[in-house]
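Structure first, commentary second.
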Amino acid sequence: MLTTQSYIVAFAVWWLAALVGLAVLLRWVPRRWPAWLRWGGMGMLAGLLMVPAPPQESAETLAPALVVAVFNTLFGEGWASAVPAVASLLVAMAGMAVIAGVLGGILAGRRERAANAANDSA
């Protein structure tokens, strides 16, 4: 079992790796896609990669929900034991996609208006 400090370090490393992976993926997404779609997709992936869930009902610790869902389905008691992790994944993915899509759309709209204003004044 992990100590409290090593547990916190493990979570920090996990989230940092997810953020770096998302940043790399965002560079590969085509710029011609609408901003809300690019950022919404990144929000969904962030939800998929970063959401924690308890591995069992009586567990005091958390693990990545994606890992919990896969392992509980394949090696645990089957689909019934994976439903809580999958439910938290779906809620987090939807929420993060909406938030990231709206914020990305707003920021892209501001950038576009600023670029149009600069072109109009020139």
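The values are calculated or read from the model by the stated rules, or taken from the named source; none is laboratory data. Everything quoted here is computed from the prediction, not taken from an experiment. A quick note on method: Cβ atoms are made from the backbone with ideal geometry, for glycine too, and the neighbour counts reach across all protein chains shown. To get the accessible areas, we keep the full protein, side chains included, count just its heavy atoms, and leave off ligands, DNA and RNA. Shrake-Rupley method; radii C 1.70, N 1.55, O 1.52, S 1.80 Å.
Counting only DSSP H runs of at least 4 residues, each contributing -39500 (n - 2.57), and dividing by the residue count of the chain, the helix-based mean residue ellipticity at 222 nm comes to -27000 deg cm²/dmol.
Here the mean projected area of the convex hull built on the C-alpha positions of the chain is 9.7 nm².
Taking Cβ atoms as reference points and 15 Å as the exclusive limit, the residues near Arg31 contribute a net charge of +3, counting Lys and Arg as +1 and Asp and Glu as -1. Of the trypsin sites (Lys or Arg not before Pro) in region 13-122, the ones in a loop by DSSP (not H, G, I, E or B) with at most 11 other beta carbons within 10 Å are Arg31, Arg32. A 1.4 Å probe run over the protein chains yields, for region 1-74, 69 Å² of accessible area per residue, whole-number rounding.
When only the Cβ of Lys, Arg, Asp and Glu is charged (+1, +1, -1, -1), the dipole of the chain relative to its Cα centre reaches about 720 debye.
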